[in-house]
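J.: Mind having a look at this structure? Questions to follow.
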Amino acid sequence: MKKFMSFSCIVFLLFSCSSSDGNSSNSPTVGIKPTRILTTIDYNSPLEFDVSYTYDGNRITETVTIERRVGVTIKTTTATYSYVGDLLDKIVQLNDVDDNIETFTYQFDSSERVTKQTVVNSIEVQRNQITVVAYPSSTTANVKVYSQTISNENLTKDIALNFENGEVIAAVWNTRENVTWFESIYNNTFDSRNGALKNISNIRNFVILAGGAGRGINHNISTYNVSTTGSGFENTTIYMTEYNEEDYPTRESISSDGPFRTVEYFY
């Protein structure tokens, strides 16, 4: 069984520059950054997520995500980003389908590592969520996700991450469904090329918030393997990547036991 963390359109923004194991500067130098990322998921009818980026230097100030089914637009989501100094303070997200406003706020430690994310919905309050992150060492992080409020009863995910050379090489997810907990183990491998979003500042922490499975920081995922304890389920996802002259990805073809996916990058 696969379990992925729901993170709205921000799932497309989960990478930034890193040069050490699990703790690095959030202010990379100016470099190549994508202005658009198009993800196509081949369900029975193709589903597209077309994300455009606006920047102030290396900081994202706005994203617009257009969701299409068989070429027909079904939703447009706009997210605006605000900062305190160089640290991301808030993301406000809304779409043209309902009146729900989703607000993400953040706290950081003295090393500029994220320690807390709070998600508040103006209408869909059942989706409110709090994520708390601790760092037992320079190469590990523990992520706990709660629904509504912080309590043992509301704990829904408990994730342990291991870093090597600035990348998440392994993630152990414990996920609760009703009263039953499931353990899934993810292992990532990477290429030696430039990661598509490595030059975007202040987003690195979202690799941690997203649980690290199938996420690259400086480099691009080559494969990730997931196995679920007790169920016998195991699957390896393979990324076939094309690059431009600067060694940044232009297209990924992603093959697993689920729907076939392609991701196209425009700079």
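The values are calculated or read from the model by the stated rules, or taken from the named source; none is laboratory data. Nothing here was measured: the structure is a model prediction, and the numbers come from that model. Heads up, the Cβs are rebuilt from the backbone with ideal geometry, glycines too, and the neighbour counts pull from every protein chain shown. Keep in mind that these areas ignore ligands, DNA and RNA; they rest on the heavy atoms of the full protein, side chains included. Shrake-Rupley method; radii C 1.70, N 1.55, O 1.52, S 1.80 Å.
J.: With label points built 7 Å along Cα→Cβ from the Cα atoms of S122 and D56, find their separation and express it in nm.
T.: Distance between label points: 2.2 nm.
J.: Compute the signed sum of charges (Lys and Arg +1, Asp and Glu -1) over the other residues within less than 12 Å, Cβ to Cβ, of R68.
T.: Numbers: positive: R69, K75; negative: E48, D50, E67.
Value of the local net charge: -1.
J.: Provide the FRET efficiency to the nearest 0.05 for the N44-F182 pair, computing r from the beta carbons and using R0 = 30 Å.
T.: On the way: r = 27 Å, r/R0 = 0.89.
The pair N44/F182 has a calculated efficiency of 0.65.
J.: Rounded, prolate or oblate: which fits the range 95-152, taking a ≥ b ≥ c as square roots of the Cα gyration tensor eigenvalues, rounded meaning a/c under 1.5, else prolate when a/b beats b/c?
T.: Judged from the Cα gyration tensor, the range 95-152 comes out prolate (a/c at least 1.5, a/b above b/c).
J.: In addition: Assuming R0 = 25 Å, what is the FRET efficiency of T115 and T35, from their Cβ-Cβ distance, to the nearest 0.05?
T.: Working: r = 31 Å, r/R0 = 1.24.
Efficiency at R0 = 25 Å is approximately 0.20.
J.: Highest mean first, how do 208-220, 180-192, 162-174 rank when packing is the count of other Cβ atoms within 10 Å averaged over residues?
T.: Values: 208-220: 24.3, 180-192: 16.5, 162-174: 20.0.
The most tightly packed comes first, giving 208-220, 162-174, 180-192.
J.: Would you please put 135-145, 225-235 in order of how densely packed they are, using the mean number of other Cβ atoms within 10 angstrom per residue and starting with the highest? Write out the running numbers ahead of the final one.
T.: Details: 135-145: 16.8, 225-235: 13.5.
Packing proxy ranking, top to bottom: 135-145, 225-235.
J.: Under a 5 Å amide H to amide H cut-off, with H placed in plane at 1.01 Å, what residues pair with F233 once short-range neighbours are removed?
T.: T228
J.: Per residue, how large is the accessible surface of the range 40-99? Use a 1.4 angstrom probe and give square angstrom. Let's see the in-between values first.
T.: Numbers: 3110 Å² over 60 residues.
Counting only protein heavy atoms, the per-residue value for the range 40-99 is 52 Å².
J.: Same structure, new question: From the phi of every residue in the range 63-74, what ³J(HN,Hα) in whole Hz does the Karplus formula 6.51 cos²θ - 1.76 cosθ + 1.60 yield, where θ is phi - 60° and glycine or proline is x?
T.: Once θ is set to phi - 60°, the couplings for the range 63-74 become 10, 10, 10, 9, 9, 10, 10, 6, x, 9, 5, 10 Hz.
J.: Let me ask something additional. Hey, any idea what % of the range 31-86's accessible area is carbon plus sulfur with a 1.4 Å probe?
T.: Details: 1360 of 2690 Å².
Of all accessible area on the range 31-86, carbon and sulfur atoms account for 50 percent.
J.: Counting Lys +1, Arg +1, Asp -1, Glu -1, what net charge surrounds T262 among other residues with beta carbon under 15 Å of its beta carbon?
T.: Working: positive: R36, R68, R251, R261; negative: D42, E48, D50, E242, E252, E264.
With Lys, Arg at +1 and Asp, Glu at -1, the neighbours total -2.
J.: Moving to a separate point now. Between F260 and T156, what length in nm is gained on full extension when 0.36 nm per residue of separation is reduced by their alpha carbon distance? Don't jump to the answer; show the numbers that get you there.
T.: Numbers: separation 104, 0.36 × 104 = 37.44 nm, distance 2.82 nm.
Result: 34.6 nm gained on full extension.
J.: 7 Å from Cα along Cα→Cβ at both T76 and S138: what's the point-to-point distance in nm?
T.: 4.7 nm
J.: If amide H atoms are built 1.01 Å from N in the plane of the peptide, which residues on other chains or at least 5 residues away come under 5 Å of the amide H of G166?
T.: The list, which skips near neighbours in sequence, is D21, G22.
J.: Around F104, under 13 Å between beta carbons, what's the net of Lys plus Arg minus Asp minus Glu among the other residues?
T.: Numbers: positive: K90, K116, R127; negative: D89, E102.
Result for the local shell: +1.
J.: Work out how much length K90 to T105 would gain on full extension: take 0.36 nm times their residue separation and subtract the Cα-Cα distance, in nm to one decimal.
T.: 4.9 nm
J.: In whole Å, how far is the Cα centre of the range 26-99 from that of the range 162-210?
T.: Taking the Cα centre of each part, the range 26-99 and the range 162-210 sit 20 Å apart.
J.: Compute from the Cα atoms of the chain the Rg and the Dmax, the latter being the longest Cα-Cα distance, and quote both in angstrom.
T.: 17.7, 51
J.: Express in nm, to one decimal, how much length is gained between E164 and D247 on full extension, taking 0.36 nm for each residue of separation and deducting their alpha carbon distance. Kindly include the intermediate steps, with their values, before the conclusion.
T.: Working: separation 83, 0.36 × 83 = 29.88 nm, distance 2.17 nm.
27.7 nm is the gain from fully extending E164 to D247.
J.: Here are some pairs, K33/K157; K75/K116; K90/K157; K75/K157; K75/K144; K75/K198; which of them have Cα atoms lying more than 26 Å apart in this structure?
T.: On the way: K33/K157 32 Å; K75/K116 29 Å; K90/K157 23 Å; K75/K157 28 Å; K75/K144 30 Å; K75/K198 28 Å.
In this structure, K33/K157; K75/K116; K75/K157; K75/K144; K75/K198 lie more than 26 Å apart at Cα.
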